[in-house]
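Inspection log for the structure reproduced underneath, given as structure tokens.
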Amino acid sequence: MPQDPLKVDAIQIEEASGATLTIDRDSSDDSLRFIDGPNPSGINLSDLSGLRSIGNVTVVGSSGSGAEFTDIQAALDAVPATASMLAPEVILVCTGTYTGPISWTKDGVVLAALGRVVLTSSSTAATLDIQAGATTTPRFGVIHGFTIQNTGVGGTCVRATGSSASTLGADGITILNTDLEALGVGGFQLQATAMNQLLLRGGSWGNSVGTSSFSVSQLADFRMSHVKGAYAGLLEYSNTGTIPSDS
């Protein structure tokens, strides 16, 4: 026998801790709204189903924000091996501080910061390490709008490492409007070796310590413009030895 629908203004779920979880209606747009301790202003169902419903788009955010992932490494690991410049995967990272080191081995990744996003590490390993994986190579990739720090002695903010005949960056790796802050003694904002195309545009390296520098070796195509504070570095190339696929 059919039952009449249950009609209430709101549903409240009481936890043993005394916190209240509420499901109600947002009167501004008639969305179903969820309210709890980490989200006192509520999250609408329409927001949760927005970007998440767009193919090839992943959202990274803090715990309780409704994002698919809470750390960048997990989002990168989830990128399919079929991603490429023609079929890219976009990872949107919400405001916050995220801890590295992070390993980027997939092709066709666009990492975009929403608001102020800091990626930091105190490890001697690079905070963001771009290199070939077991079965994939980042031929194309973009990172935009981040602040990438490394506080370790001799630590590196971004490292991109290829090898002889490597296709790393064959379709271009681009770093846009990203601040690189080498905060440890003798640190590096950037270390890039044996790759094809690397473009840096915008951003600042000026918050780095005075003993920091950058190193670019055996790159077929390297371009850097409008980067503030890039005052000490080494650029070298030889047509012998380890060279990438595009010589």
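The values are calculated or read from the model by the stated rules, or taken from the named source; none is laboratory data. These numbers were taken from a predicted model, which means no experiment stands behind them. Because the Cβ atoms are built from the backbone with ideal geometry, glycine has one as well, and the counts that use them run over all protein chains shown. To get the accessible areas, we keep the full protein, side chains included, count just its heavy atoms, and leave off ligands, DNA and RNA. Shrake-Rupley method; radii C 1.70, N 1.55, O 1.52, S 1.80 Å.
Annotations for the structure displayed:
- Restricting attention to the stretch 211-237, the residues that are in a loop (DSSP other than H, G, I, E, B) and open to solvent by 70 Å² or more (accessible area, probe 1.4 Å) total 4.
- Out of A182, A165, one residue alone is surrounded by fewer than 24 Cβ atoms within 10 Å (Cβ to Cβ) and of a type outside the set (S, T, N, Q). It is A165.
- D171 meets the conditions (1) over 20 Å from H144 (Cα atoms); (2) in contact (Cβ under 8 Å) with a residue 40 or more places away in the chain; (3) charged (D, E, K, R) in every case but one. The failed one is (1).
Here's the yes/no breakdown for (1) modelled with pLDDT of 85 or more; (2) among the aliphatic types (A, V, I, L, M); (3) open to solvent by 50 Å² or more (accessible area, probe 1.4 Å); (4) assigned to a strand (DSSP E or B):
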position: S46; (1), (2), (3), (4): no, no, yes, no
position: S63; (1), (2), (3), (4): no, no, yes, no
position: A67; (1), (2), (3), (4): no, yes, no, no
position: A74; (1), (2), (3), (4): yes, yes, no, no
position: A87; (1), (2), (3), (4): yes, yes, no, no
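Matching residues to (1) at pLDDT 85 or above; (2) under 20 Å from G169 (Cα atoms); (3) part of a loop (DSSP other than H, G, I, E, B):
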residue: L32; (1), (2), (3): no, no, no
residue: S41; (1), (2), (3): no, no, yes
residue: S84; (1), (2), (3): yes, yes, yes
residue: I91; (1), (2), (3): yes, yes, no
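- Filter pass, V8 being in a loop (DSSP other than H, G, I, E, B), crowded, with 16+ Cβ neighbours inside 10 Å and modelled with pLDDT of 75 or more: no
- Each residue in the stretch 119-142 was checked for being open to solvent by less than 10 Å² (accessible area, probe 1.4 Å), part of a strand (DSSP E or B) and among the β-branched types (V, I, T), and 1 of them qualify.
- Residue check, R201 basic (K, R), in contact (Cβ under 8 Å) with a residue 12 or more places away in the chain, open to solvent by 40 Å² or more (accessible area, probe 1.4 Å) and in contact with an Asp or Glu (Cβ under 7 Å, 6 or more places away or on another chain): no
- From A83, A78, residue being under 14 Å from L111 (Cα atoms) and either in contact (Cβ under 8 Å) with a residue 40 or more places away in the chain or open to solvent by 20 Å² or more (accessible area, probe 1.4 Å) (or both): A78
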